[in-house]
Amino acid sequence: MLHGNTLEKTLHILIVDDNVDFCTNCIDIFESKGYLATAVHDGFDAIEAVKKNSFDLVLMDIKMPVMNGVDTYKTLKQINPRLPVIMISAYAVEELLVNALREGAFAIFHKPINFGKLFSTIKHTQKNGAFIMVVDDDNDICESLSDLLHEKGYRVKTANDGSIAVQMSRENLFDVILLDMKLPTMNGLDAYLAIRDIRPSVVVILITGYRNELRNLVDRALQRNACVCLDKPLDIDRLLDIIQEKT
């Protein structure tokens, strides 16, 4: 059975979870923020709902009886390839989570849900313009690139080390990642390989101010399908041309 209200809203969210109380709580929270929320409790009903209704976003539990969230998502993609899906989980089902990310799920959230963070992510699913992550331990570079890309109409998030970049790649479906090759906690190559494993289709543009010192790392990343490596100080016109070409 479908649940929800008939008020006109700018965003219609489908909640897919076999926990009825969780669905009811989500509906109340979403509607208090001005969204229209509808819930179903298994994958088959989610497929039928998407066939019959126009949704802007799906929030879907990854571990459900009969049909899990990943298999449901694969079918939803066939019905509506552009429908963003955010996966949620209360369990450590790592294989399913990785499969969901590789299939193109927009983000992963763990229960209990951080709704403040979820609302921010929902906004990113609805905006036009490529979604870009800038990864650099230099805050000034992150801020200047973020400002520049925002001005060009792109959505931007930043990270200051490799491990954070990997985690953010799990939580967000980036179109492009600008990745510095010299980072704390995890070097650029290790970060790149971890990100590529999670998001095989993301465009990664390497950036470095230490081309000679890091040549081996850069070459290995390029051999593993990194898009290009740009030297600092960046040629901004070339960077923007590459982003536009790849997105």
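Computed about its Cα centre, the charge dipole of the chain is approximately 440 debye, with only Lys, Arg, Asp and Glu carrying charge at their Cβ.
For GluC sites (Glu not before Pro), no site in region 41-102 is both called loop by DSSP and has at most 11 other Cβ atoms within 10 Å.
Helix 236-246 axis versus longest C-alpha principal axis of the chain: approximately 40°, rounded to the nearest ten. Cα centroids of region 146-214 and region 13-52: how far apart, whole angstrom? Taking the Cα centre of region 13-52 as reference, the centre of region 146-214 is 33 Å away. So what is the relative contact order of the chain, in percent, for Cα pairs below 8 Å that sit 6 or more residues apart? In percent, rounded to a whole number, it is 12.
With +1 on each Lys and Arg Cβ and -1 on each Asp and Glu Cβ, and nothing else charged, work out how big the dipole of region 190-236 is about its Cα centre, in Debye to the nearest 20.
On the way: 7 positive and 6 negative charges, 20 e Å.
Magnitude of the dipole: close to 100 debye.
Between the Cα long axis of helix 94-103 and the first principal axis of the chain there is an angle of about 80°, rounded to the nearest 10.
With a Cα cut-off of under 25 Å and a minimum spacing of 8 residues unless on different chains, the lysine pairs in region 79-196 number 10. Calculated [222 nm] ellipticity per residue, helices only, for the chain: -13500 deg cm²/dmol; basis is -39500 (n - 2.57) per DSSP H run with n ≥ 4, divided by all residues, nearest 500. Most tightly packed first, judged by the mean number of other beta-carbon atoms within 10 Å of their residues, the peptides 207-218, 170-181, 29-40 read 170-181, 29-40, 207-218.
Size of the chain: Rg and Dmax of its alpha carbons, in Å, are 19.3, 62. Principal-axis analysis of the Cα atoms of the chain puts helix 115-126 at an angle of about 80° to the longest axis.
Oblate is the label for region 85-204, because a/c, from the alpha-carbon gyration tensor with a ≥ b ≥ c as root eigenvalues, is 1.5 or above and a/b does not exceed b/c.
Each value in this text was obtained by applying a stated rule to the coordinates, not by laboratory testing. The structure presented is a predicted model; accordingly, all values stated were derived computationally and were not measured. Cβ coordinates were reconstructed from backbone atoms using ideal geometry, including for glycine residues, and neighbour counts include every protein chain displayed.
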